[in-house]
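Written out below as structure tokens is the structure these notes cover.
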Ligand SMILES: [Zn+2]
């Protein structure tokens, strides 16, 4: 018999203001502990050394032997703290081959992005993740299945399906009450992300743990899937009706007044309009610049 519990971290304070004058603040990120009578598996352990300590204390309080730490996708906010947790609990770090390739890319980009946003706060993050045969591993005899869903808010993303719990740990394929990171879809559009949502839905989950979520909300699969699709529909409509990034930002705020992670909304708007307005320029540089 497996159970699960979710820990949602607090984004660290950072410098800078949004167009509406509010302080910039990153999105809360969720870690899931799936556990049996003795062993446990943790997902997406966060970014900073502080987050690793707080999450590690929460995990220790569950009094289980942590065997594996699973990473859903390559973005540093989901795994740069993995090494500290792996060391503290003697756990293995597991990911798909595609995610491991993306993790190397995130390490290369780190000095240009995360270390500028959070100077001195992020621990060393060598890529120690390994694949597992057939993208499957077990927890006390129960299957945990890594399902590759492709492009969502980054490339080569995956989810963890726990059939025995009706659970999908969705990484950034599904969001829950938090603004979605649309910047990397400034090239290629939202079609591949819609396909990924369909792959999650086809697993038939009852519960979805979104990688970024408002901890006050439930984890109902139907609602989070529908709201993730709706957010993309809204974004497409606003890209047609709004002529500027600030316009996109303001209307999204009006439509989603309770969503967290407004910094990511502004990064997304800046990148989507920046790429559109400068078709001859390197999109990767425009997306990176939209963070600052
Ligand atoms: Zn993320």
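The values are calculated or read from the model by the stated rules, or taken from the named source; none is laboratory data. No experiment lies behind these values; they were computed from the predicted model shown. Cβ coordinates were reconstructed from backbone atoms using ideal geometry, including for glycine residues, and neighbour counts include every protein chain displayed.
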Check your understanding: Among all residue pairs at least 6 apart or on different chains, which show Cβ distances below 7 Å where the first residue, located in region 16-33, is on the phi > 0 side of the Ramachandran plot and the second is away from the ligand (no atom under 14 Å from the Cβ)?
Key -> 16/24
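Among the residues of region 182-196, are any within 28 Å of residue 2 (Cβ to Cβ), touching a strand residue (DSSP E or B) at 6+ places or on another chain (Cβ under 9 Å) and modelled with pLDDT of 95 or more? Give the steps one after another, and end with the answer.
Taking region 182-196 and keeping what is within 28 Å of residue 2 (Cβ to Cβ), we get 196.
So of that shortlist, the ones also touching a strand residue (DSSP E or B) at 6+ places or on another chain (Cβ under 9 Å) come out as 196.
Imposing the further condition that a residue be modelled with pLDDT of 95 or more reduces the set to 196.
Checking region 182-196: at least one residue is within 28 Å of residue 2 (Cβ to Cβ), touching a strand residue (DSSP E or B) at 6+ places or on another chain (Cβ under 9 Å) and modelled with pLDDT of 95 or more.
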**Study point:** Filter result for residue 138 (over 14 Å from the mean Cα position of the chain (by Cα), surrounded by fewer than 22 Cβ atoms within 10 Å (Cβ to Cβ), in contact (Cβ under 8 Å) with a residue 12 or more places away in the chain and away from the ligand (no atom under 16 Å from the Cβ))
**Key:** no
Check your understanding: Out of curiosity, is residue 271 within 16 Å of the ligand (Cβ to nearest atom), out of contact with any strand residue (DSSP E or B) (no Cβ under 6 Å at 6 or more places or on another chain), more than 20 Å from residue 161 (Cα to Cα) and in contact (Cβ under 8 Å) with a residue 12 or more places away in the chain?
Key -> yes
Review point. Which of the residues that make up region 246-292 are assigned to a loop (DSSP other than H, G, I, E, B) and either out of contact with any helix residue (DSSP H, G or I) (no Cβ under 6 Å at 6 or more places or on another chain) or farther than 26 Å from residue 118 by Cα (or both)?
Key: 256, 257, 258, 259, 261, 278, 279, 280, 281, 282, 292
Review point. Exactly one of (1) without any contact (Cβ under 8 Å) to a residue 24 or more places away in the chain; (2) within 16 Å of the ligand (Cβ to nearest atom) is unmet by residue 237. Its number?
Key: (2)
Exercise for review: For region 1-108, please list each of the strands (runs of 3 or more DSSP E) lying entirely inside it that holds at least 3 residues being buried (at least 22 other Cβ atoms within 10 Å of the Cβ).
Suggested key: 30-35, 39-43, 65-70
Practice item. Given the conditions (1) more than 16 Å from the ligand (Cβ to nearest atom); (2) surrounded by fewer than 24 Cβ atoms within 10 Å (Cβ to Cβ), report the number of the one that residue 144 does not fulfil. Key: (2)
Exercise for review: Among what's in region 189-222 and is assigned to a loop (DSSP other than H, G, I, E, B) and under 17 Å from residue 165 (Cβ atoms), pick the residue that is nearest to the ligand (Cβ to nearest atom).
Suggested key: 219
**Study point:** Considering residues of region 157-185 that are within 16 Å of the ligand (Cβ to nearest atom) and over 15 Å from residue 211 (Cα atoms) only, the residue surrounded by the fewest Cβ atoms within 10 Å (Cβ to Cβ)
**Key:** 184
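Taking the stated definitions as given, is residue 273 within 29 Å of residue 206 (Cβ to Cβ), crowded, with 18+ Cβ neighbours inside 10 Å and at pLDDT 95 or above?
Working: within 29 Å of residue 206 (Cβ to Cβ): no; crowded, with 18+ Cβ neighbours inside 10 Å: yes; at pLDDT 95 or above: yes.
So residue 273 does not fit the description; no.
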Check your understanding: Among the residues of region 113-135, is there at least one that is closer than 16 Å to residue 40 by Cα and modelled with pLDDT of 95 or more?
Key -> no
